[in-house]
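The values are calculated or read from the model by the stated rules, or taken from the named source; none is laboratory data. Predicted, not measured: the structure shown is a model, and the values here were computed from it. Counting neighbours? That spans all protein chains shown, and the Cβs are built from the backbone with ideal geometry, glycine included.
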Amino acid sequence: MAGMAVAPHMSFARRMMQPGWIRAAWMTVAGAAFAFGLVAGIRALYGTYVLEEDPLVTVILIAAPLAFLVGIGGFDYWGRYIIGSPTKPDDHSDHGARSWKDYFRVNTDHKVIGVQYTVTALFFMLVGGGLAEIVRAELAQPGQQVVDPNTYNGLFSVHASLMIFLVVIPIFAGLANYVLPLMIGAPDMAFPRLNALSYWLLPVAGVMMTASFLVPDGGAFNTGWTAYAPLSTNAPLGQQFFTIGVQFAGTSSIMTALNFIVTIITMRAPGMTFWRMPLLVWANFTTSLLVVIATPFVAGSQFLVLVDRTLHANFFDPSQGGDVISYQHIFWFYSHPAVYIMMLPGFGIISEVISTKARKPIFGYRLMALSLMAILVLGFTVWAHHMFVSGMWSWLRVPMMITTMLIAVPTGIKIFSWLATLWRGVLELSTPMLFALGFITMFTLGGISGIMLAAIPVDIHTSDTYFVVAHIHYVLFGGSMFTIFAGIYYWYPKMTGRMYDERLGKLHFWMTFIGFNVTFGPMHWLGLEGMPRRVADYADKFAAWNLVSSIGAFFLGMAMLVFVYNFVSSWAGGPRAPGNPWRARTLEWQVSSPPPIFNFDEIPQVVGGPYEYGVPGSVHAVLNGDREKVPVGADGEGHAAAPATNGHGNGNGNGAHRE
Amino acid sequence: MRHLRNPYVQVGLWTFAITLVVGTVVWALPWEPEQASTQAGPIDTLYDVLALISAFIFALVCSILITAVIHFRKRSPDDLRDGDPLHGNTRLEIVWTAIPAILMVGAAVYSGLVLADIEESKAGTRTVEVTAEQFAWTFEYADGEQFRSGELHLVKDTPYHFKLNAKDVIHSFWVPQFRLKKDAVPGIETDVRVTPKRLGRYTLACTELCGLGHSTMRATVIVEDQAAFNRWAQRQRSGRGPQAGGVVSQQGGQGAGAQEQQEQVAP
């Protein structure tokens, strides 16, 4: 960051124009002022009431964050390039982080961005988790104790939005940002500046959604993360903070996904054929395809709500010819694939952890990769299973039920392949492995309740009840969050250069596992018994299980404190991590922890599969000029070794990176 | 006894034990409320069948995992062995692709049959127009002399066809004891068929988030015999019972929930 440091002798004007927080601050204010002037001016010209909240806030919410992104420096290079100024020579002097302050600046190093993503997502996990604790406090007893119904509706809406858009989706992008280029032997992502901008859109979305609680008139958006029209189109001002926040989070996702796709296709080290890629790379490849295809639909659905609200376009106003159910089709066309966006990268993590910790090759590697592709394709054909009782065209229900149930097939393949990988391995039950095993059992439960919900007659009874709340938490917490914790512990030594405390890690796992089941298990029964979801109050007969659930939730909250303590204290003072503490085979472990600024002194040569544990003489890749030592036929699956693709992969990799 | 040490035998024993426990919990214990409609029976049977198959699959997954952890655990930190380098087994992979696929097709066909069964239109069906608004339900009886009410009275063993409308936002019509649910959507008319078969008082709850009063948007449902229904209907027509629509139905709609709340809040 030497080039960006603010020198003491710098003039006031230059200090203000330097990319960073000072420029971001005044530009944000200027952007807001411009938006205010624009809207107020136009309204004054029309002779309408000038200080109308909704349009003013809407335009400010669009303009101020964009100005912030310009101020912090997200567009500097492209800006100079566009106006023809000399661009800074791309010497990568701003790569890497030398102090904690570097994590608060625009940085194009994928490892810095990976940490930025992960830590930001963990921060919002604590915010979203805190909101959930208030929800459980209110639900501990029937009646109203802690918050009024309006605040309550805001709490679970913001909780869900943060957990989905600011935690699960971006934390996978963060972990993959850090390890994926290393795994494929690349020096960085394909588009480092786009990568930096993708990250900075994220805190904008998170702050916007959280800040909606400060809206004086009506508080936070309170129509659920689903924001069904016409409830959302008529909701108070807070709704705009979701509608527009989703645009920023969605843009961030799409840009990152494009980056991953291009990186994976063009920047693999020589010899890293598709069939030699670690499954995390496969998982992020399929996820990125899902994101690029599906995310525009959620952005679109919220954009339609936005124009309905501010410009009265009446897409969803039946009195003006609008169609209410079309909102749900557009929304779920993203939001069902979003479940896979929140799950497939976790599948990748679990494959890495289980293979390494069981010391065995992944059982049925190719079928594992193909099942990801099957989920990708099938994932786009099931969205209306969220709408079995919505009043949509009734004929559509049965085909959507069949496709939904068929997704159990590729998912089952993955579960059974992991189990077969465990079989006759040498299992090391450290924290990442515990979370991986916990994931397999809990996600199986979540998948099974998903099959029940797919059966239309059962869904007719359980739709929009606590059964669904239980299901999604078994999928997104017992599933996604468990894989996230597995991944964080697994790559913690690589990312921080320190070892975490194993005993605290195991304590965190067992507290999470118990707290999770006590919190969400009873919700199945509550739903079957007849408790609707999204209610601030419920009938007395549901009191007992709700109390159990709330106690579980507070216990789960304490588990997270153990995690945070371990995370922070180990980073500050844990023992130094060796390059490869797990004796893993994949490339990210063949360099130091943390890796050198440009990852590899020399682009590695991949000569075999990534998980050849127990295969005598097997080698995944050769590093640092050992090329003449490449063993002939080292590839476990018996492919011709890689030198044939050498020039191709190498040239592409460097070319894409240097642009 | 030596067989018991065999990991494959242990997987079998664990699977049996866990299926027994989980199966008992999900199937034998009565989690669902009483069956008050003819549709509830087939739906519950479908649930039970899926739950038992699920219990077995969950037990199988857990058993393999537990057995692997017990048998193939790393014994000491110095144990640097690798596992057996098994890359796959095509026959096994075909088996665990094909069996779930067959199971799923079976589940889909069975679900489809149940769906056709519960949605079948029957002779002698009566129609009730249901209007949902923030945060009340109004029921309009169309046969004979028309009248409206905030309470839903139904005659036992009579097939009903509810036509659902919403005035403002989406609401959802659900009586857990009937097991049936359908959204009421502004701009279109949706419908749901129910044949009540058990006398009693039930609560209709809104299950689609509809705003501040969502949690208290409930209505009382009374299933009675024809004579009791006639007496009630007579009172409604002559205007002595709780009046229809607007303000009164608002009270009717919130009555059940509001009363319960007051009881709970009272110190």
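Details
- Every pair of residues 6+ apart whose Cβ atoms lie under 6 Å, when the first sits in segment A:135-154 and is closer than 19 Å to A:Leu231 by Cα and within 11 Å of another protein chain (Cβ to nearest Cβ) while the second is acidic (Asp, Glu) and surrounded by 16 or more Cβ atoms within 10 Å (Cβ to Cβ): A:Tyr152/A:Glu138
- Meets criteria (within 18 Å of the chain's Cα centre (by Cα) and in contact (Cβ under 8 Å) with a residue 12 or more places away in the chain) for A:His336: yes
- Residue among A:Val458, A:Val475, A:Val468 that is out of contact with any His (no Cβ under 6 Å at 6 or more places or on another chain), within 30 Å of B:Glu119 (Cβ to Cβ), among the β-branched types (Val, Ile, Thr) and without any contact (Cβ under 8 Å) to a residue 24 or more places away in the chain: A:Val458
- Residue pairs meeting the criteria (Cβ under 6 Å; at least 6 apart or on separate chains; first farther than 10 Å from A:Ala454 by Cβ and in contact (Cβ under 8 Å) with a residue 12 or more places away in the chain, in segment A:397-412; second among the hydrophobic types (A, V, I, L, M, F, W, C) and assigned to a helix (DSSP H, G or I)): A:Arg397/A:Ile456; A:Val409/B:Ala101; A:Pro410/A:Ala374; A:Pro410/A:Ile375
- For segment B:1-56, filtered to residues that are closer than 17 Å to A:Ser449 by Cα and of a type in the set (Asp, Glu), the residue that is modelled with the lowest pLDDT is B:Glu32.
- Pairs with Cβ under 6 Å, 6+ apart, first in segment A:78-95 and modelled with pLDDT of 85 or more, second not in a helix (DSSP H, G or I): A:Arg80/A:Thr87; A:Tyr81/A:Thr87
- Residues being in a loop (DSSP other than H, G, I, E, B) and among the aliphatic types (A, V, I, L, M) - total across segment A:346-368: 1
- Hits in segment A:512-544 - residues which are among the aromatic types (Phe, Trp, Tyr) and either surrounded by fewer than 24 Cβ atoms within 10 Å (Cβ to Cβ) or at pLDDT below 95 (or both): A:Phe513, A:Phe516, A:Trp525, A:Tyr538, A:Phe542
- Scanning segment A:370-396 for residues that are away from chain B (no Cβ under 12 Å), under 27 Å from A:Met183 (Cβ atoms) and either buried (at least 21 other Cβ atoms within 10 Å of the Cβ) or free of Cβ contacts under 8 Å to residues at least 40 places away in the same chain (or both) returns A:Leu372, A:Ile375, A:Val377, A:Gly379.
- Helices (runs of 4 or more DSSP H) lying entirely in segment A:433-530 (those with 1 or more residues that are among the basic types (Lys, Arg) and over 30 Å from A:Val389 (Cα atoms)): A:482-496, A:502-529
- Going through (1) at pLDDT 95 or above; (2) aromatic (Phe, Trp, Tyr); (3) over 22 Å from the mean Cα position of the chain (by Cα) one by one, B:Phe162 falls short only on (3).
Conditions tested, residue by residue: (1) modelled with pLDDT of 95 or more; (2) of a type outside the set (A, V, I, L, M); (3) touching a Leu at 6+ places or on another chain (Cβ under 9 Å).
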| position | (1), (2), (3) |
| --- | --- |
| A:Asn107 | no, yes, no |
| A:Tyr117 | yes, yes, yes |
| A:Met125 | yes, no, yes |
| A:Gly129 | yes, yes, yes |
| A:Pro170 | yes, yes, yes |
| A:Leu175 | yes, no, yes |
| A:Met183 | yes, no, yes |
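- Search result, residues across segment B:24-55 that are over 25 Å from B:Asp117 (Cβ atoms) and more than 9 Å from every other protein chain (Cβ to nearest Cβ): B:Thr24, B:Val25
- A:Gly364 being within 30 Å of A:His620 (Cβ to Cβ) and either in contact with a Gly (Cβ under 7 Å, 6 or more places away or on another chain) or surrounded by 24 or more Cβ atoms within 10 Å (Cβ to Cβ) (or both): yes
- When segment B:56-108 is limited to residues that are touching a strand residue (DSSP E or B) at 6+ places or on another chain (Cβ under 7 Å) and assigned to a helix (DSSP H, G or I), the one that is farthest from the other protein chains (Cβ to nearest Cβ) turns out to be B:Val69.
- Of the listed requirements (1) closer than 26 Å to A:Pro203 by Cα; (2) of a type in the set (A, V, I, L, M); (3) in contact with a His (Cβ under 9 Å, 6 or more places away or on another chain), A:Leu280 misses just one: (3).
- Strands (runs of 3 or more DSSP E) completely within segment B:109-191 that count 2 or more residues being on the phi < 0 side of the Ramachandran plot and more than 13 Å from chain A (Cβ to nearest Cβ): B:126-133, B:136-141, B:147-149, B:152-155, B:160-166
- Selected residue (only one of A:Ile42, A:Ile60 is over 23 Å from A:Tyr117 (Cα atoms), at pLDDT 90 or above and more than 33 Å from the chain's Cα centre (by Cα)): A:Ile42
- Number of positions in segment A:543-558 that are closer than 9 Å to A:Pro142 by Cα and within 11 Å of chain B (Cβ to nearest Cβ): 1
- Residue in segment A:613-620 that is modelled with pLDDT of 50 or more, within 14 Å of chain B (Cβ to nearest Cβ), assigned to a loop (DSSP other than H, G, I, E, B) and buried (at least 23 other Cβ atoms within 10 Å of the Cβ) present: yes
- A:Tyr474 hydroxyl-bearing (Ser, Thr, Tyr), within 14 Å of chain B (Cβ to nearest Cβ) and within 21 Å of the chain's Cα centre (by Cα): yes
- Taken as a whole, the structure leaves A:Phe34 outside the set of residues that are of a type in the set (Phe, Trp, Tyr) and at pLDDT below 95.
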